[in-house]
Every structure is written in C-alpha cells, then in structure tokens.
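Working notes, structure below.
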Amino acid sequence: MSDASDPWTEPWGLTIADAGRALRDGSLTSATLTESVLARTDATEPTLNAFITRTDDLAREQAAAADAELEAGRDRGPLHGIPFALKDLYDTAGIPTTGGSGFLRDRVPDEDAFVVAKLKQAGIVLTGKLGLHEFAFGTTSNNPHFGAVHNPWNPDHSPGGSSGGSGAAITAGSTLGTLGSDTGGSIRMPASLCGCVGLMPTYGRVSRRGVLPLSWTLDHVGPLSRTVEDAALVLNAIAGHDAADPGSTDVGVDDYTSQLGRDLRGLRVGLPRDPLWKDCQPAVEAANTEAVEVLRELGATVQEVDLPLLAGSGRLSILTAEGLAYHAKWLDTQPEKYGDDVRNALELGRGVSAASYINDQRKRTLLIEETSEVLRSVDVLVSPTTPITAPPIEGGDSQYQLARYTSPYDVTAIPAISLPCGFDHDGLPIGLMIGGRHFDEVTVLRVAHAFEQATDWHTQRPPI
C-alpha cells in the first residue's frame, strides 16, 4: 500500500472514505491504520504541537475492538475504525478536557459530549485532544498555557484559530477526522490557513451539549477534514436533534453525501463583493476569482448580490457579552490565570449594557432576514474565507482580520464551508468559502465537492 518515495501513500495519508473502503475489503485493518497514524503523530508533533492530550493506548484498544466487530459482520458505518481526534473543547469521559486553559488543565469530565457519544456509536478510534486558542476565544491558536500550534506549510506561521490543532493535524496526516467549533470562524479559518476542508453547519444542526461554550447563541459544531466527502460523512454521524441542548433544532437530517457528484447546471451563485470580498490580499482575490470561473465552467450562473447590513456584523457585542457571562465567575476571582489577549477580550464585555446586547440581537435578526432574502434569489454565496493568508505566529492577528469574512455567517446562522483554492507567493494556502440557506448543507456540500473534484488543490501536501 505504501510507496517509500511518497509518504502520503502510507495508511495515515488516506481519506476517511478511502480508509473505510480498505477496512471493508480486507486490505487494511483498523489496528494497522491506527499504528500508522500514531507514528505519523510522533513524527509531526515536535514541529506542530497540535495535540494537548494523546490517547494512544485507548486508540489501540478501540482499533482492536473495531477490527473484531467488522470481522464479525457488525458494521457501524463509514467512521467505524477510523482514527479521530477532537478539539480539546469537547467533554470526553475519563479524559482531560482543558479548553486550552491553564486552570482547567486537570479537568476530567464524567460524561461524553453529545456528539462524542455519537462518534463513539459510529465506531471512531480516539487518538487524542487537539490544541486551540485559549477557551476558543481567538484566531491564532497561540496558546500561553500549552504553546503555539504551528502551520504545516510553514511552522513560523499560524494555523488559524481557534481550532488550530484540528486544522494542523488534519493537514499533516496526524489524524483522519476531527471536530472543531465555530463562533466567529474557528472551523473555517484554520481550514483556509492550513489548506483543508472545514464545515460549519447551520446553527442548531449539531448539538453543543458537553462542549465548553464561548457564546451560546453563536457557537457551532462541525468537522475539519481532508475532503468534502469526508466532511459529509462526519456530518452524517453527528447531525441530529438533542432535546437537552436549548439551541438544537428539531429539523430532519439529510444524507449529506446524497448530492455529491451532481453537476452545477442551473445552480445560482451570488458574490457578496461588499463586504465579503472587500480589502483582501491580491493573491486571495485572484485565487477566488479563478475559483468562481471554475464554478461558472461547471454550469453555475454567477451574479453579484448586495448585503449592506452584513458589513456591521463585526460590530455586534453578542460574542463579547455572552463570553463574559460564562467566564465572569473565574474572571472575577482568578483573572491572572487567563492569557493577556483572552482576559482583555473578556473584560470588554463589562462595558456592554443589557440594552446594547438586546439591540444587537435585534440587529442580528435583521441580518438574518437580509441574508435569507438574498438566498431566495441565489442558491449559495461565494467569497474568500479569509482576507489574508496565514500570518506569522509572532505578531498574530491583533486586529481580528482573519474573522472579517467568516464571522457574518456565525451571526446569520447559515451553513458555510471552506476548502482550498490556491496558494499565495509564499506557498501558504488560500480558502474558498461557500455559504447556503439554513439547513441546506446538502447544496453547500454539492457545490464544494464539484469545485474540489474539478481542481487539484485538495491533493497538495505540506512539506512537513
């Protein structure tokens, strides 16, 4: 199966879909796949620092159990026997869940998060917990408690945040599947900067119960993966209503692979030039412009659309106010245990009045209405994921430039995906973002998959 001249032909280089096929035709075992992934993690971790906690022994036990079940004819589905790692924001029974925080370093939950339980039912092999920006409140994953996560394309550069460990690990091959979380872009930013796929489902599509919160009305749960198909397979496993999560919506779950492979004839693409293409780096604009032409060549029609209110989404105080509400108990008594950037960001919440918060939620309603109205005239919205490529770790993203294009979709609660569409002159990845109607992940995935299969950006490998 492997080619010494190309390390990506080792089992750790497989996609979830390809590994699943190999597990079922008998050419690969979960034990062999898992050992390959653990060895790859040994090789990459000194450079990336993508993991906070490794669970090698547990992974070997789960891989052996998966092999025994598959041999006995019990097939749990496409994720059965697949090595998986989780952003260290998800509660895992008996395994530390730190949130990337120094003072939660020894926190060990008694129960799994809702989606972790679903992934276990699907038969994953858990290899560890991944690094992130402290408490998911930031865009760089430069963590003062566990160290900075590094970008696989250039370790001097950021992988993005807050799910930086997830983006770095997927891209480097030290896991086959992973989950991130997205409040202002924290799934899609790392996907863009690391050159992988990141899917933020509609708000309420996936339960957040058992996931350490940042902002109750903005937090989303979703996968980072190597391919669009893999993202769809993971969403199939985790989507669904959870009556114990107040934000969960009881809407029917689709087969998210059902439209993969369909062409784009008759599909309508909207370009929100202002604000989601405004003031981006020339290389980012050029790569995304070429991506739009690919969509046009695949049969889509393209038109510019107006979203004038969306430009104000970054000025809303919702995230800051809700972040303070969750953290106030610690911020009042142990402020010194936060990193400076997160503590300062949380302190801003003290200046948000109840009236301001309520008015901003009302403005959010108008933003949702505006976006929904535009999405009656087009099927998807297309733009760059981030206006810049990965910044150096030193210096970071103090002005939150990386979130300028992603955060509006958290506010409007629509599903959105990022996937690779090019590189800048320094060899750093560029992301294409596709957003769609509420609960229409199927169409978003269809468009993303069509672009992915028409190009070879997803086949490019980092030098690590």
ask   = Does at least one position in region 297-305 carry a residue that is over 23 Å from the mean Cα position of the chain (by Cα), modelled with pLDDT of 95 or more, more than 21 Å from R404 (Cα to Cα) and among the charged types (D, E, K, R)?
value = yes
request  = Inspect all residues belonging to region 240-247 and state whether any of them is in contact with a helix residue (DSSP H, G or I) (Cβ under 6 Å, 6 or more places away or on another chain) and either of a type in the set (A, V, I, L, M, F, W, C) or within 18 Å of V374 (Cβ to Cβ) (or both).
outcome  = no
Exclusive hit being under 19 Å from V228 (Cβ atoms) and either touching a Pro at 6+ places or on another chain (Cβ under 8 Å) or assigned to a loop (DSSP other than H, G, I, E, B) (or both), set D306, D263, D279 = D263
request  = Mind listing just one residue for me: the one in region 240-254 that is of a type outside the set (V, I, T) and touching a residue at least 60 places away in the same chain (Cβ under 8 Å) and, of those, farthest from S215 (Cα to Cα)?
outcome  = D254
note = Exception for Y400 within (1) at pLDDT 95 or above; (2) in contact with a Ser or Thr (Cβ under 8 Å, 6 or more places away or on another chain) falls at (1)
inquiry  = Based on this model, can you work out whether V206 counts as surrounded by 24 or more Cβ atoms within 10 Å (Cβ to Cβ), part of a loop (DSSP other than H, G, I, E, B) and hydrophobic (A, V, I, L, M, F, W, C)?
reply    = yes
key: Filter result for S313 (among the hydroxyl-bearing types (S, T, Y), assigned to a helix (DSSP H, G or I) and free of Cβ contacts under 8 Å to residues at least 40 places away in the same chain)   = no
query = How many of the residues in region 147-168 are surrounded by 24 or more Cβ atoms within 10 Å (Cβ to Cβ), polar (S, T, N, Q) and outside any helix (DSSP H, G or I)?
reply = 4
key: Of residues in region 17-60 being over 22 Å from the mean Cα position of the chain (by Cα), of a type in the set (S, T, N, Q) and surrounded by fewer than 18 Cβ atoms within 10 Å (Cβ to Cβ), the one farthest from I464 (Cα to Cα)   = S27
remark   = Quick count over region 338-352, residues being part of a helix (DSSP H, G or I), out of contact with any Asp or Glu (no Cβ under 7 Å at 6 or more places or on another chain) and among the β-branched types (V, I, T), is 0
query = Which ones in region 93-122 are touching a Pro at 6+ places or on another chain (Cβ under 9 Å) and either at pLDDT below 95 or not small (G, A, S) (or both)?
reply = I95, P96, T97, G102, L104, R105, D106, R107, V108, P109
key: Some residue of region 127-143 being surrounded by fewer than 23 Cβ atoms within 10 Å (Cβ to Cβ) and either of a type in the set (A, V, I, L, M) or under 30 Å from Q399 (Cα atoms) (or both)   = no
task = Could you tell me which numbered condition S101 fails, if it satisfies all but one of (1) buried (at least 21 other Cβ atoms within 10 Å of the Cβ); (2) within 17 Å of G177 (Cβ to Cβ)?
result = (2)
note = Among V197, V221, the single one that is in contact (Cβ under 8 Å) with a residue 24 or more places away in the chain, among the β-branched types (V, I, T), within 23 Å of P96 (Cβ to Cβ) and surrounded by 24 or more Cβ atoms within 10 Å (Cβ to Cβ) is V221
remark   = Inside region 419-447, the number of residues satisfying the requirement of being within 17 Å of the chain's Cα centre (by Cα), of a type in the set (G, A, S) and farther than 19 Å from A239 by Cα is 1
message = I need the full set of residues from region 209-227 which are in a strand (DSSP E or B) and of a type in the set (A, V, I, L, M, F, W, C), in order please.
response = V211, V221, L224
inquiry  = With the structure loaded, tell me whether L14 is within 24 Å of the chain's Cα centre (by Cα), within 21 Å of T55 (Cβ to Cβ) and surrounded by 22 or more Cβ atoms within 10 Å (Cβ to Cβ) or whether it fails that test.
reply    = yes
note = Scanning region 342-363 for residues that are surrounded by fewer than 15 Cβ atoms within 10 Å (Cβ to Cβ), closer than 14 Å to A328 by Cβ, in contact with a Leu (Cβ under 9 Å, 6 or more places away or on another chain) and not hydrophobic (A, V, I, L, M, F, W, C) gives R350
remark   = Of the conditions (1) of a type in the set (D, E, K, R); (2) in a loop (DSSP other than H, G, I, E, B); (3) buried (at least 23 other Cβ atoms within 10 Å of the Cβ), the single one that D230 does not satisfy is (2)
task = May I ask you to say which residue of G94, G81 is buried (at least 24 other Cβ atoms within 10 Å of the Cβ) and of a type outside the set (V, I, T)?
result = G81
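The values are calculated or read from the model by the stated rules, or taken from the named source; none is laboratory data. Quick caveat, the model's predicted, so the values are computed rather than measured. In this analysis, Cβ positions are derived from the backbone assuming ideal geometry, glycine residues included, and neighbour counts consider all displayed protein chains.
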